[in-house]
Amino acid sequence: MLNFTDADEDLPPASPEEQYQDLLRALRRRRGFGLLFVRCSPVEAEKLVKQVKQDLPQKTIEVLRFEAPIDNLYGIVQDRPDCQDIKVLFIQGLEYSFYKYEETKRQQGWDSEAIYSYSWKGVPHILNHLNQHRERFRDDFKICFVFLLRSFSLNYFIHRAPDFFDWRSGLFDFPSKSEECQQEDFQNQSLNPEERSKQIIAIQARLELEAQTPEEQADLLVELGMLLVAAQEYEDAIANFDKALEIKPDDHQVWYIRGVPLSILGRLEAAIDSFDQAVTIKPDYHQAWYNRGIALLDLGKNEAAITSYDQAVKIKPDHHQA
């Protein structure tokens, strides 16, 4: 199980199996209302639900899968005829509510930085609803709610639904293959956090105070984005890559590195679009083909993923991962 205390920073991360056993214990012991959060890809979520149902047959376990935006989770749960019998309720698909929110703000003229900054400038309707009705969830439902969330969805809860999120009983992490593998692309960012912060501040100052040619500005934006990815500030990194692409729309490398944080955040469709742009501009870009395959695999599109891997191997037969 994950937490946010400084005391655990030096501890090795728990393995997926350890995380799963922690989750299982939390669900087995839970009586009545509870809030658990699980960071995972949609594919991992399906596997997780299936496994939990097998391992806890004594519990009445149900799943709410959303494929469209919602504004009122309380009402949806209350209207279920089996509401009083459910002990564990998995919630999946809330990202559609966040996609809708982001699209609305984009249509209103917000830039990427404002949309993805997780400030209180705007809060999705569903999170306002959860913040305002958490006591009703606690008082009216004897259910342990398990929210299955992609990385970016979890960040929405942490930053824009803190009242609701603070009532959590546990946070569990099941990283996808995308997150594990694509972080390797940024291992050259070996600076310690203090050094990295200094470089980020220095580049930001140069961008604000110095006059650069468009080429120089794009290079600085990409460098800043790479540092932000290494710092796991993925949304800010994407915003900087987007700015660089406004200057250099045909730069295959920027399209590729933009796809990496998108994949890590679970924005797999957008990541694939970014990798597609990279290989359209540079068809022999084997790393883009490979990471495109990872994203497709995480979406459950196995045949398309294999085709992408095959293309990577065709270009670079000694590719150690494919």
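Within the stretch 25-47, residues that are closer than 20 Å to residue 269 by Cβ and touching a residue at least 24 places away in the same chain (Cβ under 8 Å) sit with their Cβ atoms under 6 Å from residues that are acidic (Asp, Glu) and not in a helix (DSSP H, G or I), at 6+ positions apart or across chains, in these pairs: 39/173.
Any idea which residue in the stretch 108-118 is modelled with the lowest pLDDT, counting only those that are surrounded by fewer than 19 Cβ atoms within 10 Å (Cβ to Cβ) and in contact with a helix residue (DSSP H, G or I) (Cβ under 9 Å, 6 or more places away or on another chain)? That would be 118. Hey, among the residues in the stretch 119-130 that are of a type outside the set (A, V, I, L, M, F, W, C) and under 15 Å from residue 100 (Cα atoms), which one's modelled with the highest pLDDT? Top of the filtered list is 128. Looking at 299, 262, 245, just one residue is out of contact with any Cys (no Cβ under 9 Å at 6 or more places or on another chain) and modelled with pLDDT under 90, and that residue is 299.
Scanning the stretch 186-199 for residues that are in the same structural domain as residue 88 (by TED's automatic domain parsing), modelled with pLDDT of 75 or more and of a type in the set (Ser, Thr, Tyr) turns up nothing.
Looking only at residues of the stretch 283-308 that are over 19 Å from the mean Cα position of the chain (by Cα) and crowded, with 18+ Cβ neighbours inside 10 Å, we find that the one that is nearest to residue 258 (Cα to Cα) is 288.
Residue 315 meets the stated requirement of being touching an Asp or Glu at 6+ places or on another chain (Cβ under 7 Å) and over 24 Å from residue 96 (Cα atoms).
Among the conditions (1) touching a Pro at 6+ places or on another chain (Cβ under 9 Å); (2) farther than 26 Å from residue 290 by Cβ, residue 248 misses just one, which is (2). Is there a residue being surrounded by fewer than 19 Cβ atoms within 10 Å (Cβ to Cβ), among the polar types (S, T, N, Q) and without any contact (Cβ under 8 Å) to a residue 40 or more places away in the chain anywhere in the stretch 264-275? No: the stretch 264-275 contains no residue that is surrounded by fewer than 19 Cβ atoms within 10 Å (Cβ to Cβ), among the polar types (S, T, N, Q) and without any contact (Cβ under 8 Å) to a residue 40 or more places away in the chain. The number of residues in the stretch 207-232 that are surrounded by 14 or more Cβ atoms within 10 Å (Cβ to Cβ), touching a Leu at 6+ places or on another chain (Cβ under 8 Å) and more than 21 Å from residue 195 (Cβ to Cβ) comes to 1.
Okay, residues lined up against (1) in the same structural domain as residue 16 (by TED's automatic domain parsing); (2) under 18 Å from residue 141 (Cα atoms); (3) touching a helix residue (DSSP H, G or I) at 6+ places or on another chain (Cβ under 8 Å):
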{"site": "51", "(1), (2), (3)": "yes, no, yes"}
{"site": "56", "(1), (2), (3)": "yes, no, yes"}
{"site": "61", "(1), (2), (3)": "yes, yes, yes"}
{"site": "64", "(1), (2), (3)": "yes, yes, yes"}
{"site": "71", "(1), (2), (3)": "yes, no, yes"}
{"site": "85", "(1), (2), (3)": "yes, yes, no"}
{"site": "88", "(1), (2), (3)": "yes, yes, yes"}
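I'd like to know if the stretch 94-107 contains one or more residues that are in contact with a strand residue (DSSP E or B) (Cβ under 9 Å, 6 or more places away or on another chain), over 19 Å from residue 153 (Cα atoms) and surrounded by fewer than 16 Cβ atoms within 10 Å (Cβ to Cβ). No, the stretch 94-107 contains no residue that is in contact with a strand residue (DSSP E or B) (Cβ under 9 Å, 6 or more places away or on another chain), over 19 Å from residue 153 (Cα atoms) and surrounded by fewer than 16 Cβ atoms within 10 Å (Cβ to Cβ).
Residues in the stretch 1-44 that are at pLDDT 75 or above and among the β-branched types (Val, Ile, Thr): 38 alone.
Going by the conditions given, is residue 251 outside the structural domain of residue 156 (by TED's automatic domain parsing), surrounded by fewer than 19 Cβ atoms within 10 Å (Cβ to Cβ) and not hydrophobic (A, V, I, L, M, F, W, C)? No: the conditions fail for residue 251. Restricted to helices (runs of 4 or more DSSP H) entirely inside the stretch 185-291, those with at least 2 residues that are of a type in the set (D, E, K, R) and at negative phi are 193-209, 214-230, 234-247, 268-281.
Okay, residues lined up against (1) surrounded by fewer than 17 Cβ atoms within 10 Å (Cβ to Cβ); (2) over 21 Å from the mean Cα position of the chain (by Cα); (3) assigned to a strand (DSSP E or B); (4) not polar (S, T, N, Q):
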residue: 28; (1), (2), (3), (4): yes, yes, no, yes
residue: 35; (1), (2), (3), (4): no, no, yes, yes
residue: 39; (1), (2), (3), (4): no, no, yes, yes
residue: 49; (1), (2), (3), (4): no, no, no, yes
residue: 52; (1), (2), (3), (4): no, yes, no, yes
residue: 67; (1), (2), (3), (4): yes, no, no, yes
residue: 81; (1), (2), (3), (4): yes, yes, no, yes
residue: 84; (1), (2), (3), (4): yes, yes, no, no
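The values are calculated or read from the model by the stated rules, or taken from the named source; none is laboratory data. Everything numeric here is computed off the predicted structure, so don't read it as measured data. Here the Cβ is made from the backbone with ideal geometry for all residues, glycine too, and neighbour counts use every protein chain on show.
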